[in-house]
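> Shown below is the structure under consideration.
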Amino acid sequence: MIGYGRQSIDQSDLDAVAAVLRGQPLTCGPAVDAFECQIRRISGAPFAAAVSNGTSALRLLYQAAGIGPGQRVGVPAITFVATASQAMLLGAEIVLLDVDPTTLLLTPEILDACAERLDWVVAVHVAGRMCDLAGLAEVCRRKGIRLLEDAAHAFGSSRDGGERCGDCRHSEGAIFSFHPVKNVTTAEGGAIVVRDPAWDRRVRQLRHHGIVRDGFCGDLAGNDAGSPWYHEFHQPATNERLSDLHCALGASQCLRIESFKRRRAAIVAGYRSDLAGLAGITAPALAPGQDPFWHLAVAQLDWDRLGTTRRAALSAAAAAGIAPQVHYIPLHHQPVLASARRASSLEGADRTYRGMISLPCYPDLDDAERYQVITWLASLARGVR
């Protein structure tokens, strides 16, 4: 089955993981530091902390930011549910924002038109295409809103002028995901990048049970503080560490990130060329002014014009050995957020959802497999009314 995404593993990745098994610590060891160094190199972020997955990264970033009860967090309606749910778990109220139906992104104009009070807004970079962070940051400054980034799709993306995804020049922090379908993988894993060293220290405490190594206040501190075994817990926390095995894989993958990026760009360019003459099908839109790392190749299909439905079309795709996906069901249609406050009618999110599908896009997708996808799409176009 040709899925929408898949990891690319070679011998260098196997060797990197095997080296950890042969001698290094399996957790809290040097492979973690090496991977975090690669994250800083690629993103340009001042600080980076690897964690167990992208969802954990969101929650820990929100905790480091102090998000909690009484605060409102603006989240675009087109994103994975974790962008909103992790703030909800901390007691914050979600306000759903619309997106541009062509780019799937929150825009400065949409944020500026929001009449709801917001304390924070999370800019979500979708499919590898980056938001206009400078424009969003300007609106945030005028409205007294603070800005974070969900960059789960965009590790390695950049914009003109030297802006790199996750460099935190316009936001206070961002997260990445390293799930197997993402731009590089650690199997499961994520990272938090921030610009404030105090936030970095907070994140590192929170990912490790909340262990505190200084600023002691416990009743044993007078006698034992400064001893090698002594530590304290000042609040409940969880274990969100990423093991050295995962980090060794991630660091190895980072050494090939440019080749991964070029291959995905070639696949998206191929789709744009091959789909240009097919009525009722719109290829993934260009991203002027930036150099995206295409995590997804999102096409738009006019089901009425094609004379079919998405359900029927994806059933035919499965029969042809192809498994596209839909990213995402708008958050206001998810039961967990059905009663969430909405900044508008969210028509842009609904419009893009009606026709979107994510086509197969990953480095090991070969030309024969891409031709198989195009053949399926061409069969749909033959039914155009």
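> Below 8 Å, C-alpha to C-alpha, sequence gap of six or more: please give me the relative contact order for the chain in percent.
Once divided by the residue count of the chain, the mean separation gives 24 percent.
> How many percent of DSSP beta bridges within the chain run antiparallel, rounded to 5?
The answer is about 60 percent antiparallel.
> If you don't mind, there's one more thing I want to ask. With axes computed from alpha carbons, what is the tilt in degrees of helix 257-275 against the longest principal axis of the chain, rounded to the nearest 10 within 0 to 90?
Tilt relative to the chain: about 20 degrees.
> Same structure, new question: Which trypsin sites (Lys or Arg not before Pro) from the stretch 260-355 combine a DSSP loop assignment with at most 15 other Cβ atoms within 10 Å?
none
> With every atom except the alpha carbons ignored, what do you get for Rg and Dmax of the stretch 1-125, in angstroms?
Rg then Dmax for the stretch 1-125, in Å: 18.7, 58.
> Let me spell out the model: positive unit charges on the Cβ of Lys and Arg, negative unit charges on the Cβ of Asp and Glu, origin at the Cα centre of the stretch 257-381. What dipole size does that give, in debye rounded to 20?
With Lys and Arg at +1 and Asp and Glu at -1, about 360 debye.
> May I pose another question? If you place +1 on the Cβ of every Lys and Arg and -1 on the Cβ of every Asp and Glu, how big does the dipole about the Cα centre of the chain come out, in debye to the nearest 20?
Dipole of the chain, to the nearest 20 debye: 620 debye.
> Quickly estimate the mean residue ellipticity at 222 nm for the chain, helices only: each DSSP H run with n ≥ 4 gives -39500 (n - 2.57), and the total goes over all residues, rounded to 500.
-11500 deg cm²/dmol
> Mind listing the long-range amide H neighbours of residue 210? Cut-off is under 5 Å, sequence gap 5 or more, other chains count too, H placed in the peptide plane at 1.01 Å from N.
238
> A further question on this structure: Enumerate the amide H contacts of residue 47 below 5 Å, restricted to partners 5 or more residues apart or on another chain; note that Pro and chain-start residues carry no placed amide H.
Result for residue 47 returns 194.
> As a test of understanding, state the convex hull volume per residue of the stretch 63-193 from its alpha carbons, in Å³.
Cα-based convex hull of the stretch 63-193, divided per residue, equals 103 Å³.
> What residues have an amide H closer than 5 Å to that of residue 342, excluding those fewer than 5 places away on the same chain, when H is modeled at 1.01 Å from N in the peptide plane?
Under 5 Å from the amide H of residue 342 lie the amide H atoms of 96, each far enough along the sequence or on another chain.
> Ok, one more. Project the alpha carbons of the stretch 257-381 onto their principal axes and report the range along each, largest first, in whole Å.
For the stretch 257-381, the Cα spread along each principal axis is 45, 36, 24 Å.
> Dividing the alpha-carbon Rg of the chain by 2.2 N^0.38 Å yields what?
1.03
> Okay, moving on. Stokes-Einstein at 10 °C, 1.306 mPa s, Kirkwood radius from Cα pairs: D for the stretch 106-262 in µm² s⁻¹?
It diffuses with D of about 88 µm²/s by this estimate.
Each reported figure results from applying straightforward, stated rules to the coordinates on display, with no laboratory input. Only a predicted model underlies this, so the values are computations on that prediction, with no experimental measurement involved. Please note: Cβ atoms are built from the backbone with ideal geometry, for glycine as well, and neighbour counts cover all protein chains shown.
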